[in-house]
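Student: Mind looking over this structure? Questions follow.
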Amino acid sequence: MYVAVKGGERAIDNAHRLLAHARRGDPAVPEVAPAQIREQLALAVDRVMTEGSLYDRDLAAIAIKQARGDLVEAAFLVRAFRTTLPRFGATQPIDTAAMQVARRVSATFKDIPGGQVLGPTFDYTHRLIDFLLEAGAEVDEPARAAADPVPMPRITDLLGHDDLIERNPPGDPDAPVPDLTREPLDLPAGRDLRLQNLARGDEGFLLALGYSTQRGFGRTHPFAGEIRLGEVELEFLAEDVGFAVPLGEITVTECQMVNQFKGSATEPPRFTRGYGLAFGHCERKTMGMALVDRALRAGELGEEVKAPAQDEEFVLMHSDNVQATGFVEHLKLPHYVDFQAELGLIRQMRAEIAARAAAAGPDGAVLKEAAE
């Protein structure tokens, strides 16, 4: 039970002003602008867009500033804004094979059509603090080359040509597109809803679950088949003209995990898949997502479900950081009546125990009043 705090409006107003003051920080330090956040804290912006379920870099940058860098709070702000927007329909499925690639690596094959493209990555940095950043050192221009016209087919497509990996079932173009942002999650969920849930899920939670599958809490032996980052075109089917029209381009990260599978009595041995896709450059997120996606397919593949990452309800009902934040942080709200009831019960129980102890004899037997 919640109770109103009388006279609390003035305190709340003052708390809001104090929050704005704390957000600004030292007035002697130049204020950070959303454009700086958008351009220089791009990975934070990408995470907020993904977990906020809205592709808008400017809005995500403003939310990060408003939330003082709290990315979960920023995602909450973006989601709240998203609920005010109309939904006109669903775009056509994006074609990541036609992506304008900025980064593309595979841990399964060294030589792949189109080559390995390292792109912007921390993978080969020394993880040493660069104190020159404090002084605002000049940044060298990167080496540039002309775009390579060689196609970059997905690694899983190459494996699929030899039937070495399970094929994705063809989609039904007439089937309704589920939207987790408008309909509550219902269990059991199809893979489409599970992937939506994981895409919106907390990066740290997915990372921990993905790590758990590698340590034995889930039947996976993953290989990073391919991770690619780049721009893809969005198309929308315009009913009045009868064909798809381009809407623009967005940046996405895609991860396809290749997992071992021994086959069954009815199927030959082949690899299985785990999949992850997120807005912007969210490599760690998509890798964790792909690992968990594969773990959640245990029942579908006839595997025993015994690890947390394989438990659909455990994963899907606890992955959303906005829901988790609300449920945990509501404990800060007044619970005076509830606590007084618990406190009264504890005192009553202690009083009853003390009374029984006082009535007990030295040998532990309860004394009886002499009837004679």
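Student: Take Lys262 and decide whether it is outside any helix (DSSP H, G or I) and either out of contact with any Gly (no Cβ under 7 Å at 6 or more places or on another chain) or open to solvent by less than 60 Å² (accessible area, probe 1.4 Å) (or both).
Tutor: yes
Student: Mind counting the residues in the range 226-255 that are closer than 16 Å to Gln92 by Cβ and either among the hydrophobic types (A, V, I, L, M, F, W, C) or not assigned by TED's automatic domain parsing to the domain that holds His281 (or both)?
Tutor: 12
Student: Report the residue count in the range 159-189 for those that are in contact (Cβ under 8 Å) with a residue 24 or more places away in the chain and over 26 Å from the mean Cα position of the chain (by Cα).
Tutor: Counting residues in the range 159-189 that are in contact (Cβ under 8 Å) with a residue 24 or more places away in the chain and over 26 Å from the mean Cα position of the chain (by Cα) gives 4.
Student: Within the range 248-255, identify whether any single residue is under 25 Å from the mean Cα position of the chain (by Cα), under 29 Å from Ala98 (Cα atoms), assigned to a strand (DSSP E or B) and of a type in the set (Gly, Ala, Ser), and answer yes or no.
Tutor: yes
Student: When the residues of the range 100-119 are narrowed to those that are touching a Pro at 6+ places or on another chain (Cβ under 9 Å) and within 18 Å of Glu283 (Cα to Cα), which ends up least open to solvent (accessible area, probe 1.4 Å)?
Tutor: Ranking the candidates gives Arg103 first.
Student: Moving on to the next point. Just checking, how many residues over the range 151-208 are among the basic types (Lys, Arg), buried (at least 18 other Cβ atoms within 10 Å of the Cβ) and part of a loop (DSSP other than H, G, I, E, B)?
Tutor: Number satisfying all stated conditions: 1.
Student: Please indicate, with yes or no, whether at least one residue in the range 58-69 is under 14 Å from Arg200 (Cα atoms) and either in contact (Cβ under 8 Å) with a residue 12 or more places away in the chain or exposed (fewer than 11 other Cβ atoms within 10 Å of the Cβ) (or both).
Tutor: For the range 58-69, residues under 14 Å from Arg200 (Cα atoms) and either in contact (Cβ under 8 Å) with a residue 12 or more places away in the chain or exposed (fewer than 11 other Cβ atoms within 10 Å of the Cβ) (or both): absent.
Student: If the requirement is being open to solvent by 50 Å² or more (accessible area, probe 1.4 Å) and either at pLDDT below 95 or part of a helix (DSSP H, G or I) (or both), which of these qualifies: Leu331, Leu301?
Tutor: Leu331
Student: Which count do you get for residues in the range 209-221 that are assigned to a loop (DSSP other than H, G, I, E, B) and among the small types (Gly, Ala, Ser)?
Tutor: 2
The values are calculated or read from the model by the stated rules, or taken from the named source; none is laboratory data. These numbers were taken from a predicted model, which means no experiment stands behind them. Glycine also receives a Cβ, built like all others from the backbone with ideal geometry; neighbour counts cover every protein chain displayed. Side chains are part of the model used for accessible areas, which takes the heavy atoms of the whole protein and leaves out ligands, DNA and RNA. Shrake-Rupley method; radii C 1.70, N 1.55, O 1.52, S 1.80 Å.
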